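Here is the structure we will look at.
The values are calculated or read from the model by the stated rules, or taken from the named source; none is laboratory data. Bear in mind the structure is a predicted one, so any value in this text is a computation, not a measurement. Reconstructed Cβ throughout: ideal geometry from the backbone, glycine too, with neighbour counts over all protein chains shown. Areas reflect the complete protein model, heavy atoms only, side chains present, ligands, DNA and RNA absent. Shrake-Rupley method; radii C 1.70, N 1.55, O 1.52, S 1.80 Å.
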Amino acid sequence: MTNPEKMQTLLQLAPVILVRWRADGRILTMSGAAEHCTRLALAPGDNYFEHIHPSDRDAVITRFGELETGRSEASYRLLGESSAMYHIREYSILSNDQAGERDGVLIIEQPEQRLQQQLARCEKELQEFAYIASHDLMEPLRKVQAFGERLQQKYSHDLDEKGQDYLERMLHASARMQEFLNGLLEYSRVNTRGKPPASCDLKLICLEQVERLHKLTTPTEARIAVGDLPVIEADCDQIRQLLQHLLTNALKFHHEGVRPIIAVSAKVEGNQLTMKVKDNGMGFAQEHAEKVFQLFQRLHGRTQYPGAGIGLAVCRRIAERHGGEIRAFATPGSGAEFIVTLPVCHNRGGE
């Protein structure tokens with residue numbers, strides 16, 4: 001294979017927008033990604049400059065005349081566009097003949113593509129940080145708790161009332177810290193420790209969670225009605241987490257003296273499952289529907305309702321990892337409804 005053939009093959013296979021052109025703006029070859037980008041609508045032989053918005057054209061031509069191999073900064077619009085949709089990331093000069101004619105390869109990216117790349121990188125860094133921070137902090141925290149408990153067991157009688165109060169506060173704070181770290185670890189593991197989709201019997205999983213929550217349902221005589229839930233393809237362990245958090249949340253925020261009633265139902269349309277968890281609890285203002293899914297966000301005081309404020313954030317992360325979403329609808333004093341949409345079968349795409 002000759003060098004020009006190799007270059008053409010590389011261009012066609014490149015997953016980014018690459019354009020090889022002459023310094024006068026004439027396009028020699030393009031990557032497959034560029035050919036399939038409807039906004040560019042270009043073909044070999046076209047003059048690239050003629051497709052640039054008139055308001056940006058002169059500046060781009062001047063800028064291109066100054067380009068050397070390496071990174072560059074230049075954003076511009078194409079014809080018919082009102083905002084800068086393309087950004088020059090890098091320009092490599094391939095040849096420069098005696099007549100001053102140059103040709104090179106230009107890497108172009110759209111701002112939204114750059115944003116997606118940055119978000120993906122930040123997401124990965126956040127996951128790594130959350131896991132490392134929570135995992136590494138566990139060891140010193142356990143030591144604080146262990147020595148605090150020994151101090152309480154063996155020497156509390158030597159402490160006056162104020163000293164015992166300080167010790168109780170320290171142990172309480174360390175327990176809260178452990179709760180936060182456990183939640184953060186669970187949150188980070190949704191993506192880092194997830195398993196491939198497998199057959200999941202949602203009704204069986206939900207009934208298992210109802211049984212596990214027996215200690216919470218007995219004091220309030222709570223009733224959890226589980227409807228006909230289908231079998232789907234999902235990470236079964238994470239679906240257990242999702243249902244556990246949603247049911248625990250519904251049981252926690254109930255009206256004092258009122259029997260909690262929770263209904264879990266589902267329907268399937270095409271390849272989409274819609275599962276609902278509805279309760280008759282305290283509810284919340286609909287304006288807070290997004291806030292409840294944010295890490296460490298609470299609508300009520302910690303002393304009134306325990307918890308780290310991580311459970312619903314984990315639910316959203318699980319839903320999104322499965323290609324779905326979770327939404328909340330509520331009215332103050334009249335309960336809340338959480339709606340989870342998930343694909344039924346991952347290998348059927350958009351059927």
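Looking at segment 117-128, is at least one residue at pLDDT below 70 and of a type in the set (S, T, N, Q)?
So far as segment 117-128 goes, yes, one or more of its residues are at pLDDT below 70 and of a type in the set (S, T, N, Q).
Go through segment 158-175 and count every residue that is without any contact (Cβ under 8 Å) to a residue 24 or more places away in the chain, in a helix (DSSP H, G or I) and open to solvent by 60 Å² or more (accessible area, probe 1.4 Å).
9
Considering only residues of segment 183-218 that are open to solvent by less than 70 Å² (accessible area, probe 1.4 Å) and small (Gly, Ala, Ser), which is nearest to MET138 (Cα to Cα)?
Taking the candidates together, the pick is GLY183.
Does LEU242 satisfy being modelled with pLDDT of 95 or more, under 30 Å from GLU125 (Cβ atoms) and surrounded by 18 or more Cβ atoms within 10 Å (Cβ to Cβ)?
The answer is yes for LEU242.
Whether any residue in segment 35-49 is assigned to a helix (DSSP H, G or I) and modelled with pLDDT under 65 is what I want to check. Let's see the steps before the verdict.
Taking segment 35-49 and keeping what is assigned to a helix (DSSP H, G or I), we get 35, 48-49.
Add one more test, that the residue is modelled with pLDDT under 65, and what stays is 35.
Yes: one or more hits.
Test each condition in (1) touching a residue at least 40 places away in the same chain (Cβ under 8 Å); (2) assigned to a helix (DSSP H, G or I) for ILE224 and report the one that comes out false.
Answer for ILE224: the failing condition is (2).
Restricting to segment 249-279, what's the tally of residues that are in a helix (DSSP H, G or I) and open to solvent by 40 Å² or more (accessible area, probe 1.4 Å)? Break it down stepwise before answering.
Here is the first cut: in segment 249-279, the residues in a helix (DSSP H, G or I) are 249-252.
Checking the rest, the ones that are also open to solvent by 40 Å² or more (accessible area, probe 1.4 Å) come to 252.
Residues meeting the conditions: 1.
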